[in-house]
Amino acid sequence: MSAERVRAATRVCYACGAATTAPAVRCDCGEPLWLPEVTDPTETDAPGMWRHAGLLPVDSPGGVADAVGDTPLVASDAVADFAGVDVSLKLEGHAPTGSFKDRGSALAVAAVEAGYAGDVRAVGTVSHGNMAMSTAAFAASADLPCVVLVPDDIPESRLGVIAQYDPTVVRVDGDYGRLYERSLELGREHDIAFLNSDVPLRVEGQKTTAVEVCLDAAPDAIVMPVSSGGHASGAWKAVRKLHAAGRIDQIPDLHFVQASACAPIDEAFARGDDTVASVDGGETIAYSIANADPPSGDRVLTAARDTGGTVTSVDDDATRAALDTLARAGISVEASCAVALAGTRELVQSGRLDSDAEVAAIMTGTGLKEASGSADTARATVDSLDTVLGGVGVER
């Protein structure tokens, strides 16, 4: 796709239908934007997720991006017995950096290179886990400066994993929850494209998880963990597109799972609310999805109800049981992924998922990640970030 066409692409609000060609992330109504529907799901012979070129705004830039997508979909008798239903596992841990985040990062960085975000000098993200690692990796592959904003109390072991790709890592003291909106504001001021959890470009790449599942397995239901709501939003967009284009006969039910210690979307769903209120989340082993104020929470509620699905939550004991079952099947995932299997079991036991259904559970990331070496980091408060970001990529 040419840079001119990319720059002219429209962003659309799923909620109110407003459209803009500005490189915006959120609508004036407050809800997240996404790219308009694409009605040409033509497959190509390109590798990985890029074979779905008709559904993507850019082609693969080559290199490591070609290794993203087409992750395995596997079944295990032990896992099915545990879940109480015929379930296939989509193993996103086979991605280059070990998580589904690579889908969003690969596409978003390629689109930034093509000019989709306007004239920017760097990319960035707000994350202390998989998304930080993934964004930094794909920025490195494109020789783009990258800045990652992490909480000040991040474990040193995580810093090493992120820092191996040589981004500018900034440890931020203060209310980390403010950084989602604050980074977008500062990004516009400093020409940095922040590829946060549910921005339109990231959703475009992440929707390919559900595209592959639907075309490879045609399940009755898809169960997946939910945090910010970006991956869930992509899944909803994918199933709608495929059904509208006649590629699938029916839209699968979308079921989303949270950790019960921090489950604002589940709580809103149970109340019958249309909007998600922030919560004071507690501690959980599924810390990567413990998002107390999910930016696309409302969109997840809409997605679940639109497809006949649900939102649920599971406690840490249920997650540990799922982890043990997966390990005995030879599958290593992080706790935040195992909630999908624990949630599948809970949905079957509660009668919200038919035991005769064909189910796909998304295992969003691999287990143990390690990196050697130390990390050089900058430090800032939420309010002093402006000075730090002004120097990102200057010496590159």
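The values are calculated or read from the model by the stated rules, or taken from the named source; none is laboratory data. The shown structure was predicted, so the numbers you read here are calculated from the model rather than taken from an experiment. When we count neighbours, we look across all protein chains shown, and the Cβ atoms used for this are built from the backbone with ideal geometry, even at glycine.
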message = Among the listed residues Val87, Val74, Val79, identify the single one that is under 18 Å from Ile331 (Cα atoms), out of contact with any helix residue (DSSP H, G or I) (no Cβ under 8 Å at 6 or more places or on another chain) and in contact (Cβ under 8 Å) with a residue 12 or more places away in the chain.
response = Val74
note = For region 146-167 the number of residues that are under 17 Å from Leu385 (Cα atoms), within 22 Å of the chain's Cα centre (by Cα) and of a type outside the set (A, V, I, L, M, F, W, C) is 2
query = Can you tell me how many residues in region 270-286 are under 30 Å from Val150 (Cβ atoms) and touching a helix residue (DSSP H, G or I) at 6+ places or on another chain (Cβ under 7 Å)?
reply = 8
ask   = Just wondering, is there one or more residues in region 233-243 that are of a type in the set (A, V, I, L, M) and outside any helix (DSSP H, G or I)?
value = no
task = Output the qualifying pairs, or none if there are none: Cβ atoms under 9 angstrom, residues six or more apart or on different chains, first residue in region 217-244 and free of Cβ contacts under 8 Å to residues at least 12 places away in the same chain, second residue not acidic (Asp, Glu).
result = His243/Cys214; His243/Gln250; His243/Ile251
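Being touching a residue at least 40 places away in the same chain (Cβ under 8 Å) and of a type outside the set (D, E, K, R) narrows it down to one residue among Ala117, Ala136; which is it?
None of the other options fit; the residue is Ala117.
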query = So which of Ala122, Ala132, Ala140 is aliphatic (A, V, I, L, M) and surrounded by fewer than 18 Cβ atoms within 10 Å (Cβ to Cβ)?
reply = Ala140
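Please tell me if Ala335 is surrounded by fewer than 24 Cβ atoms within 10 Å (Cβ to Cβ) and either hydrophobic (A, V, I, L, M, F, W, C) or farther than 16 Å from Val79 by Cα (or both).
Judged against the criteria, Ala335 is a match.
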task = May I ask you to verify whether Lys237 is in contact with a strand residue (DSSP E or B) (Cβ under 8 Å, 6 or more places away or on another chain), basic (Lys, Arg) and buried (at least 23 other Cβ atoms within 10 Å of the Cβ)?
result = yes
key: Listing of helices (runs of 4 or more DSSP H) fully contained in region 282-396 that carry 3 or more residues being touching a Gly at 6+ places or on another chain (Cβ under 7 Å)   = 297-307, 335-349
query = What helices (runs of 4 or more DSSP H) completely inside region 153-226 contain at least 2 residues that are touching an Asp or Glu at 6+ places or on another chain (Cβ under 7 Å) and modelled with pLDDT of 95 or more?
reply = 208-217
request  = Quick one: which residue in Ala193, Ala117, Ala122, Ala163 is in contact with a Cys (Cβ under 7 Å, 6 or more places away or on another chain) and over 30 Å from Asp216 (Cβ atoms)?
outcome  = Ala122
query = Does region 101-125 hold any residues that are at pLDDT below 95 and either over 12 Å from Val58 (Cα atoms) or of a type in the set (Phe, Trp, Tyr) (or both), and which are they?
reply = Tyr116, Ala117, Gly118, Asp119, Val120, Arg121
note = Within region 72-96, restricting to residues that are crowded, with 24+ Cβ neighbours inside 10 Å and closer than 28 Å to Val147 by Cα, the one that is nearest to the chain's Cα centre (by Cα) is Glu92
